[in-house]
């Protein structure tokens, strides 16, 4: 694979180190004199802490510090703010509120001793009734979880609504057909292969704190540490090295990070803390947990007129979702999806339960995953009610190209789209009509086969700063580009790759703008001392925001090069034309052959060439990009499954995915992201789940119980593309990182339910394990979020 | 990173040496072979043995051969070796079908037959497979060796008749002409423990009637991983669909499955019947030569 001069397929620059095992992760950091931390966690979901006795642990010969909630209270660090302006206990002082909550932190000379010492800490708990089933959280007399908040008498976090209730109700009142369906998008976990952890090194002499941590948002972490701990921000350096998967679970600040920092301050030595797999699954940010009721009003001939949704959102014990401040339910109100619907209304109630905090994680695009699942399931429920073909029903109701830019009934302005073309391509690739014929033949033989469609519209690239901030920090991103005298460039960006290939993609953006090879562009990221401010990588925002900043800063450099070239060529800047030929980018005097390449210009910019007044020399530039709107990638997915009715086993036979993410910078990387997201979707639809028993025990706290899909559950993905460039993005790109995770679960579930239609099944909740499918066939579906009894 | 508590480590040079080490360290010592159950349990600190006695170097426990009319499987034979052996596949397709769905290739390269049986997990696939073929287990101890029917080997969840000072050394499986066998498993995902699984072994006698029937069931609360009433029912009958379905029904009734996140009781009981039927059907087809 040759290196293109800009966009195109090229091998990932970062793979040279990854495939040699030479990536550098937090757990690879080794510092002289480094100590190791371990967290003591609550075995109870809800209990008073009567006492914490650390004497025996402190007497362990290799233990250097034992930190408890009381220690932190003395530093005013026992509670910390969450990304949703709630508070979260760093180490519990009064109560524990979920199983796995942090209670104490041991710092020792080695990992083994730290872990041994945890067993020497004696905590006296007085168990309380927990709130496990979100549907009972608001019951009269339910235990109040957050009695730390003054005046609180219940577990309600917020009520929030969007859309026009009266308008929607009016349509429903006179609709020819209405359908209603309850559904659960269960609690799942991003389960990155690298768990969370930190190395904290506080230098008492310089007062400088360095934190190595696999964070998706290093700058946000630095600012929050400054605000919470009172350390001056310029004395804090956050380094996010290679990350072994983030998926949103590495946006927030976890208690273990704070404990590692305090541990380093207390001991005067660097402290490393890495959580283990069970800790990761039990305590770090989960995703989803939306109990939804969807309703659709339509005409008998299949025109969708209105949609209403009620959501009960389980946020766990602390409201720790990471989303723009104005939107407590994230971007869920994009739930009208890809359809021309005149009226819509949703209401979301967030509740506390005795489960781990989180909520927005796992490639969900700020709850668009839940919204897409809701609307795409509802379309199929409507199709079943009408006896309509789900593809035809979608085709009839999809927005038409001439409607863009389109403002939805809940206020989103979709920038561009050509939906029918994309759905038709997916149907052609799948051979939709032939599949329906095959299905009919199989049904006649008693062999269930299902075809499921999902059409999604994403809203990514948060976001315009006047609408979007996290804890008051606006969501604009900086970029800085240096061009060295020999024409090689260094790009510094605030976003942080977790496997998305930024070092390649962003180099390609610079390469395309400057007409140089991506091999000549080094991308620096993940170190707050080395990069400009920005809010990080999540919500598929890197290319829409930092990618745009990159293109804009490269254009600034190009304009500076024009000034220098004009001095070199003794021509007016206005007479110069930019072109990228085989030998790269160059400014040429219009109508002549007089030309200077970007490399020649770079050298001259640093030379003794006399420059006109006002031209500074050098080519370096910085830029901050404040996106005017989100970008709206979309896609059409078709899944084909076979179901064994005797065992309930589902086999995903085929999966066709047509994505439109605008212009593709590196199609190979895009396809890789789509592959990963589709596998995620199969996992969530068929096997992944964190259920809890009535005591609040986590029933999915290891990879034996929390199942991730393997290659054997995944078919050979069949990918297609259409290209509808974003009209407002500098390079017409849209984010794609979460598209497949957002779009695919509904396709898989729709396929399984389609297969079960002969048994009268209209819905069953994820994950559609063999047991869940068999019980759905029996007409006795199981509640997937609770222990199976 | 999960780290175990501290423990002593010894490498055994022979079965005799291993027995000596077991005696020296007492009942809190554990033998380690593949370690695929023990090591994770130690890392989770669910197991905290005082000492590990590593028997991986004992070539004398790694034999796998047909001796006369018996298939002899050393306790240290790796899953992958059992799966790769053509004789095993020829005489006992049930073992190959079971091995193909045990964990994944990485685990199968290291995990052992004896370790799987001694762990006595109530969801162990091989426990059902060996029960179906009525294997014998040979156990060495300070006083010499003894032989126990595999159907007496497991005495409860995670419990066997192997005493703290003893070692399981080999499994012996009788080879009889005219037999067919099969193994069928339902799992939530490849590599997972079974939701339920069933193994069947059928030998047909004159007239095509069933002369010998062996059933193995796992993860469904089948006592000793088998279903003797269903086996007895099959004797003397032609293996038609109705007969095999009825055997499945009887087997399902004899199980005591427990609900967990793999499924509720009614589903697991249903699977016990359905999978018994499917395994019997394939075993019968192999016994009469209509399927390989």
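The values are calculated or read from the model by the stated rules, or taken from the named source; none is laboratory data. Computed from a predicted structure; not experimentally measured. Note: ideal-geometry Cβ built from the backbone for every residue, glycine included; neighbour counts use all protein chains shown.
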Any idea how many residues of region A:609-646 are surrounded by fewer than 24 Cβ atoms within 10 Å (Cβ to Cβ), farther than 30 Å from residue A:335 by Cα and modelled with pLDDT of 95 or more?
9
Test for residue A:179: is it crowded, with 18+ Cβ neighbours inside 10 Å, assigned to a strand (DSSP E or B), in contact with a helix residue (DSSP H, G or I) (Cβ under 7 Å, 6 or more places away or on another chain) and not assigned by TED's automatic domain parsing to the domain that holds residue A:269:
yes
Please specify each residue of region A:750-766 satisfying the condition of being surrounded by fewer than 24 Cβ atoms within 10 Å (Cβ to Cβ) and either assigned to a loop (DSSP other than H, G, I, E, B) or not assigned by TED's automatic domain parsing to the domain that holds residue A:707 (or both).
A:760, A:761, A:762, A:763, A:764, A:765
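Can we say residue B:46 is more than 20 Å from the chain's Cα centre (by Cα) and within 30 Å of residue A:705 (Cα to Cα)?
Numbers: more than 20 Å from the chain's Cα centre (by Cα): yes; within 30 Å of residue A:705 (Cα to Cα): yes.
Criteria met by residue B:46.
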Quickly run through region B:142-173 and pick out the residues that are loosely packed, with under 15 Cβ neighbours inside 10 Å and in a strand (DSSP E or B).
B:144, B:145, B:146, B:147, B:149, B:155, B:156, B:159
Provide a single number: the residues in region A:84-113 that are out of contact with any strand residue (DSSP E or B) (no Cβ under 7 Å at 6 or more places or on another chain) and surrounded by 23 or more Cβ atoms within 10 Å (Cβ to Cβ).
3
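Does at least one position in region A:718-730 carry a residue that is closer than 30 Å to residue A:552 by Cα, out of contact with any strand residue (DSSP E or B) (no Cβ under 9 Å at 6 or more places or on another chain) and buried (at least 24 other Cβ atoms within 10 Å of the Cβ)?
Let us first name the residues in region A:718-730 that are closer than 30 Å to residue A:552 by Cα, namely A:720-730.
Right, trim to out of contact with any strand residue (DSSP E or B) (no Cβ under 9 Å at 6 or more places or on another chain) and you get A:727.
Filter once more, keeping what is buried (at least 24 other Cβ atoms within 10 Å of the Cβ): none.
Within region A:718-730, not a single residue is closer than 30 Å to residue A:552 by Cα, out of contact with any strand residue (DSSP E or B) (no Cβ under 9 Å at 6 or more places or on another chain) and buried (at least 24 other Cβ atoms within 10 Å of the Cβ).
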Members of region A:686-712 found to be facing chain B (nearest Cβ under 9 Å), surrounded by 20 or more Cβ atoms within 10 Å (Cβ to Cβ) and at pLDDT 95 or above, listed by number:
A:686, A:687, A:691, A:707, A:709
Test of understanding: among A:249, A:256, A:268, which residue is under 29 Å from residue A:698 (Cα atoms) and away from chain B (no Cβ under 14 Å)?
A:249
Residues of region B:235-275 classified as closer than 20 Å to residue B:178 by Cα and either surrounded by fewer than 19 Cβ atoms within 10 Å (Cβ to Cβ) or within 14 Å of chain A (Cβ to nearest Cβ) (or both), total:
8
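Search region A:362-410 for residues being at positive phi and in contact with a strand residue (DSSP E or B) (Cβ under 7 Å, 6 or more places away or on another chain), and hand back the single one that is modelled with the lowest pLDDT.
Here is the first cut: in region A:362-410, the residues at positive phi are A:362-363, A:365-367, A:387.
Then keep just the ones that are in contact with a strand residue (DSSP E or B) (Cβ under 7 Å, 6 or more places away or on another chain); that gives A:362, A:365.
Numbers: A:362: 81, A:365: 87.
Residue satisfying both the conditions and the ranking: A:362.
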Filter region A:713-747 for residues that are away from chain B (no Cβ under 14 Å), assigned to a helix (DSSP H, G or I) and under 27 Å from residue B:101 (Cα atoms) and give the result.
A:745
Conditions (1) modelled with pLDDT of 95 or more; (2) touching a helix residue (DSSP H, G or I) at 6+ places or on another chain (Cβ under 8 Å); (3) within 14 Å of another protein chain (Cβ to nearest Cβ); (4) buried (at least 21 other Cβ atoms within 10 Å of the Cβ): number failed by residue A:681
(3)
Of all strands (runs of 3 or more DSSP E) completely enclosed by region A:71-124, which ones contain at least 1 residues that are within 14 Å of chain B (Cβ to nearest Cβ)?
A:102-108
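What are the residues in region B:178-209 that are more than 14 Å from chain A (Cβ to nearest Cβ), in contact with a strand residue (DSSP E or B) (Cβ under 8 Å, 6 or more places away or on another chain) and touching a residue at least 60 places away in the same chain (Cβ under 8 Å), if any? Steps first, please.
Here is the first cut: in region B:178-209, the residues more than 14 Å from chain A (Cβ to nearest Cβ) are B:178-183, B:199-209.
Keeping just the survivors that are in contact with a strand residue (DSSP E or B) (Cβ under 8 Å, 6 or more places away or on another chain) gives B:178-183, B:199-205.
Selection gives B:178, B:179, B:180, B:181, B:182, B:183, B:199, B:200, B:201, B:202, B:203, B:204.
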